[in-house]
Amino acid sequence: MNSETCKREIVIEIPIDVIAKESDVVVTQFQRVARIPGFRKGHAPATLIRRHFKNDIRSELVQNLLPKFFDDVVREKHLQVVGQPRFEDLKFEDGQPLTCKASFEVAPEFELGEYKGLEIEVESAQVSEEDVDKALEELRQSAATYEDVQGRPAEDDDYVMVSYQGHDAKDAGGEPVQSRSAVVHLGAPGTVAAFTENLRGASPGEKREFDVEYPADYPQKSLAGRAIHYAVSVESINRKVLPPPDDELAKSAGDSETLADLRIKLKEGLEKRKARQVENQAMAKLLAQIESRHSFPVPEVLIEAQLDRKLESFVTQLMSQGIDPRTTQVDWRKIREEARPDAEKEVRGSMLLERIATAEDLEVTEEEVDDLIREMAEERREPAAALKTRLTREGALDRIKSTRRNHKALELVYREAKITGKS
């Protein structure tokens, strides 16, 4: 037994008389269905059944007795087992007790500290006129149009449509680079400087050649550290045209008649979003503060399960982007290990919130679960009844219920906290 982890080991011993009694039950079950030449079904003698199905009977005895005796031992020792036990060193000889070592993990024991009246400071939830100006500018950008440039060559802030072919300047056998109708935003922060410098002053129909040296840490791995010689054909030049910030923009954006009305609605939306952000920030800080006041080991089996969920979420995200996870050059083992600290932190926080929920007698009703499933169904665009059936079949309802219960506990901590905002 190790107090610094949640791992435990116990030796289970099943007495001979218990084995004999259970053996009689199993043999009787085999007699009813066994087909042995020379005997009618159900009439073969027990001695023959024991000899003929010896290994099957032993296997059945182990499967029947070990879990039961394991449950009895952990109940007697008042242990809260997490996950499934692993049975090892099985010894099962005729005329001898059945013995086995069970390895498993238990929920950690810890005393719940103070979680009410905590003090934290968060960002102010106030929205300034500058914030509204920024939101209005983002709206203008999203409503922008593009017009063809005539009578002048390309200059900074133009959008130049090009087709290009590139080959490795140092390695003739390197992977070629090519694209048709690609758009280059001259002078933009995300544009490779060599493209801006060499396409500035170009006109439609013109061809230009130049080299690009990509740094070793370039985000696109296929280009990182390479020198590419490009042959570029300019197809067209466009410039972005922003609509003026006026009443017409307000009308096109939705249900506002004037620019003043639009600014009011933008501010209201920003205030709601900022309030949610501040609340989430406060809850995260409160949970971190509670975690810092508690030190206890976390069961590895729960960390591994959380890692599984994180990787499943990552895979789902890739698939939603049209990427086949099987074809990506991803070091899954590295990603898993890098995610381990966060997974352990998340499990520890969950265990603390579970303890708070128990202390406060917080429960989740079936109506609340149904509401959550309806929200999920709307996001996934599938019938709520079908989603609930699938979640029930997958055993996911308990996790949904547990997550909601933990959030209730965190909401209670938030309500009871002393929160100040930065000015």
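The values are calculated or read from the model by the stated rules, or taken from the named source; none is laboratory data. Everything numeric here is computed off the predicted structure, so don't read it as measured data. Every residue, glycine among them, receives a Cβ derived from its backbone with ideal geometry; neighbour counts consider all protein chains shown.
Points to keep in mind about this one:
- Qualifying residue in the range 181-195 (condition: of a type outside the set (A, V, I, L, M, F, W, C) and part of a strand (DSSP E or B)): yes
- Odd one out for Arg35, checked against (1) touching a helix residue (DSSP H, G or I) at 6+ places or on another chain (Cβ under 7 Å); (2) at pLDDT below 90; (3) surrounded by fewer than 13 Cβ atoms within 10 Å (Cβ to Cβ): (1)
- Residues (small (Gly, Ala, Ser) and either under 12 Å from Ile228 (Cα atoms) or buried (at least 16 other Cβ atoms within 10 Å of the Cβ) (or both)) located in the range 159-172: Gly166, Ala169, Ala172
Residue-wise test of (1) closer than 30 Å to Gln150 by Cβ; (2) in the same structural domain as Gln329 (by TED's automatic domain parsing); (3) assigned to a loop (DSSP other than H, G, I, E, B); (4) at pLDDT 95 or above.
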position: Val212; (1), (2), (3), (4): yes, no, no, no
position: Gly225; (1), (2), (3), (4): no, no, yes, no
position: Lys251; (1), (2), (3), (4): no, no, no, no
position: Arg276; (1), (2), (3), (4): no, yes, no, no
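- Some residue of the range 210-220 being exposed (fewer than 15 other Cβ atoms within 10 Å of the Cβ), of a type outside the set (A, V, I, L, M) and in contact (Cβ under 8 Å) with a residue 24 or more places away in the chain: yes
- Once the range 383-395 is narrowed to residues that are in contact with a helix residue (DSSP H, G or I) (Cβ under 9 Å, 6 or more places away or on another chain) and exposed (fewer than 13 other Cβ atoms within 10 Å of the Cβ), the residue that is farthest from Leu302 (Cα to Cα) is Pro383.
- Residues located in the range 97-124, provided they are touching a helix residue (DSSP H, G or I) at 6+ places or on another chain (Cβ under 7 Å) and under 24 Å from Arg58 (Cα atoms): Pro97, Leu98, Cys100, Ala102
- Annotation for the range 327-339: at least one member residue is surrounded by 16 or more Cβ atoms within 10 Å (Cβ to Cβ) and aliphatic (A, V, I, L, M).
- Output for the range 364-382, where each listed residue is loosely packed, with under 11 Cβ neighbours inside 10 Å and either in contact (Cβ under 8 Å) with a residue 40 or more places away in the chain or outside any helix (DSSP H, G or I) (or both): Thr365, Arg381
- Residue check for Asp247: surrounded by fewer than 16 Cβ atoms within 10 Å (Cβ to Cβ) and not assigned by TED's automatic domain parsing to the domain that holds Ala182: yes
- Considering residues of the range 186-204 that are in contact with a Ser or Thr (Cβ under 8 Å, 6 or more places away or on another chain) and closer than 15 Å to Glu235 by Cβ only, the residue surrounded by the fewest Cβ atoms within 10 Å (Cβ to Cβ): Pro204
- Those residues of the range 87-97 which are under 43 Å from the mean Cα position of the chain (by Cα), surrounded by 11 or more Cβ atoms within 10 Å (Cβ to Cβ) and not aromatic (Phe, Trp, Tyr), in sequence order: Leu90, Lys91
- Residue match in the range 30-41 (condition: in the same structural domain as Thr99 (by TED's automatic domain parsing), in a helix (DSSP H, G or I), touching a residue at least 12 places away in the same chain (Cβ under 8 Å) and farther than 19 Å from Gly95 by Cα): yes
- Candidates Arg263, Arg226, Arg276, filtered to the one that is surrounded by 14 or more Cβ atoms within 10 Å (Cβ to Cβ), at negative phi and either in contact with a Phe, Trp or Tyr (Cβ under 6 Å, 6 or more places away or on another chain) or free of Cβ contacts under 8 Å to residues at least 24 places away in the same chain (or both): Arg226
- Extreme residue, surrounded by the fewest Cβ atoms within 10 Å (Cβ to Cβ), among residues of the range 128-157 that are more than 27 Å from Lys265 (Cβ to Cβ) and touching a helix residue (DSSP H, G or I) at 6+ places or on another chain (Cβ under 9 Å): Asp156
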